[in-house]
Amino acid sequence: MKRSLALGLLCVVALSSLTILIAQDWRSGIPWEEPKIVTPGEKPGDPPSDAIVLFSGTNMDAWNEAKWDVADGAMTVKPGSGGIHTKQKFGSVQLHIEFATPAEVDPNQVCQGRGNSGVFFGPYEVQILDSYENKTYFDGQCASIYKQRPPLVNACRKPGEWQTYDIVFNRPELKIEDGKVVEVIRPGYLTVFQNGVLVQNHHEIEGTTFWHQGPVYEPHEPMLPIQLQDHGNLTKFRNIWVREIPDDTKAKPAPSREPYFQ
Ligand code: MG
């Protein structure tokens, strides 16, 4: 009995080895371009080698209407001076930004009045708010797509603590005729990590994120500045960089030959 079991095991091992020997490496036959080399930042959050740095702590040269205060490596909203816009226009991007809502909490400022700012990709806002023990409508709290989608979870740190957003924005493609959107060829999408936590998962943008109306796509250029909002609160920002994403990342070249084994 023992002998036949050993023989059986030997056969299984021999067959498995034979299968490994005759299996071949399947190839797609698609002539992909070799991915270019990007050197990552030294530590998490540092800009990689192909990033466009929008703020590194010393000046606001990358921004228009830059009247905010710069000190101690951060820029702070100057209430009443207005939002700021990047000089460069962008389409689809990966954005890293760090922010801190005011450490001192005014008990009279609640709901939307606490640490309010926002990152705008054209007319589409990822909300910035002090949502640490501060209730508001859920699709207006921190990391919401404003008035479209609450964050999956509330990953806010305490007021005054530095927080990170890592955002992937895929621009929409709109067909515009006579100043009107006649077709949404491809909607926009937003994915957001807050402090390393996924809070928006490839959200399909439904349109503009204005406070006074529901979402609807309105005409705009394919490339637009990134904006930071002045909502009257002393929210701070630091370490802002962006990487442009080509629109054709989903395109798949035709195979130069049929899938094959080698
Ligand atoms: Mg806002």
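A few points about this structure:
- Residue in the stretch 215-226 that is within 16 Å of the ligand (Cβ to nearest atom), over 24 Å from Tyr132 (Cα atoms) and in contact with a strand residue (DSSP E or B) (Cβ under 6 Å, 6 or more places away or on another chain) present: yes
- Inside the stretch 204-226, residues that are part of a strand (DSSP E or B) and buried (at least 21 other Cβ atoms within 10 Å of the Cβ) make up a count of 1.
- Residues within the stretch 172-187 that are in a loop (DSSP other than H, G, I, E, B) and either touching a residue at least 12 places away in the same chain (Cβ under 8 Å) or within 14 Å of the ligand (Cβ to nearest atom) (or both), tallied: 3
- The lone criterion from (1) surrounded by fewer than 18 Cβ atoms within 10 Å (Cβ to Cβ); (2) under 23 Å from Gln112 (Cα atoms); (3) of a type outside the set (Ser, Thr, Tyr) left unmet by Asp230 is number (1).
- Subset of the stretch 158-183 that is crowded, with 16+ Cβ neighbours inside 10 Å and more than 12 Å from the chain's Cα centre (by Cα) - its residue that is nearest to Glu133 (Cα to Cα): Pro159
- The stretch 227-247, residues that are away from the ligand (no atom under 16 Å from the Cβ) and either part of a loop (DSSP other than H, G, I, E, B) or polar (S, T, N, Q) (or both): Asn239, Ile245, Pro246, Asp247
- Counting the residues of the stretch 72-88 that are more than 15 Å from Glu98 (Cα to Cα) and either out of contact with any Ser or Thr (no Cβ under 9 Å at 6 or more places or on another chain) or at pLDDT below 95 (or both) gives 10.
- Flag if Pro44 is in a loop (DSSP other than H, G, I, E, B), surrounded by 13 or more Cβ atoms within 10 Å (Cβ to Cβ) and not polar (S, T, N, Q): no
- Every residue from the stretch 123-171 that is among the aromatic types (Phe, Trp, Tyr) and more than 14 Å from the ligand (Cβ to nearest atom): Tyr132, Phe138, Trp162, Phe169
- Filter result for Val153 (touching a residue at least 12 places away in the same chain (Cβ under 8 Å), in a strand (DSSP E or B) and more than 19 Å from Phe90 (Cα to Cα)): no
- Scanning the stretch 80-122 for residues that are assigned to a loop (DSSP other than H, G, I, E, B), at negative phi, away from the ligand (no atom under 14 Å from the Cβ) and of a type outside the set (S, T, N, Q) yields Lys87, Lys89, Gly91, Pro102, Ala103, Glu104, Val105, Asp106, Pro107, Val110.
- Residue within the stretch 132-143 that is in a loop (DSSP other than H, G, I, E, B), in contact (Cβ under 8 Å) with a residue 12 or more places away in the chain and within 22 Å of Val242 (Cα to Cα) present: yes
The values are calculated or read from the model by the stated rules, or taken from the named source; none is laboratory data. Please read all numbers here as calculations on a predicted model, not as lab measurements. Cβ coordinates were reconstructed from backbone atoms using ideal geometry, including for glycine residues, and neighbour counts include every protein chain displayed.
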